[in-house]
Structures are given as C-alpha cells and as structure tokens.
1. Tell me, which helices (runs of 4 or more DSSP H) wholly within segment 5-48 include 2 or more residues that are out of contact with any Phe, Trp or Tyr (no Cβ under 9 Å at 6 or more places or on another chain), modelled with pLDDT of 95 or more and on the phi > 0 side of the Ramachandran plot?
2. Which one is surrounded by the most Cβ atoms within 10 Å (Cβ to Cβ), of the residues in segment 1-49 that are among the aromatic types (F, W, Y) and touching an Asp or Glu at 6+ places or on another chain (Cβ under 9 Å)?
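The values are calculated or read from the model by the stated rules, or taken from the named source; none is laboratory data. Note that this is a predicted model, so its numbers are computed, not measured. Please note: Cβ atoms are built from the backbone with ideal geometry, for glycine as well, and neighbour counts cover all protein chains shown.
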Amino acid sequence: MTPERPESRAGRYGLDTPGQIECFARAQDLLGTEFDTDPRHAWAAEILKDGALSADERAAMLVALAELLREEAAEAEHGQPG
C-alpha cells in the first residue's frame, strides 16, 4: 500500500496552504508518517483538532513541539542536560 501524501493527511485537519503542509510534513519527518494517529503522540492530534486555534497556529505549534521533543530526545540519548 502506498503511504498517504502529507498534503492529504494535512488536509484532514484543514491545513492546506503550502506553509501549513510544510509544517505537517516536517512533523512527519520528526515523529513518523502516521504521527497524527499514533497514541504516543496524542498531543499532536489534540493540536490538529483544536478549533480554538487557526490553521496557521496549529501548524506552527505542531512543528515547534515536534522539533522540541526531537531535540530533547537527542539530548537525553547523549546524556546532555535539556
């Protein structure tokens, strides 16, 4: 089965501008292709579905937190303080 394109997955959450799709794709790179349905990343689904935030806010928050988590995981792996 062919993986679903980031544009399609992002569109489910109303992320449809190039910048929003880029944020979603970056989160996929950091967290995994199906991060938005992965129970380990339930926080991401909450952000994506938060109707109180605009699509731009959701996209920006998503990628910022994904990058922060990746950075913290890398620091922990190398024994460096966060």
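1. On the way: elements: 6-11, 18-31, 42-48.
The helices (runs of 4 or more DSSP H) meeting that bar number zero.
2. Our first condition is that a residue be among the aromatic types (F, W, Y); within segment 1-49, this holds for 13, 24, 35, 43.
From the residues that got through so far, the ones that are touching an Asp or Glu at 6+ places or on another chain (Cβ under 9 Å) too are 13, 24.
Numbers: Y13: 20, F24: 28.
Among those residues, the one meeting the criterion is F24.
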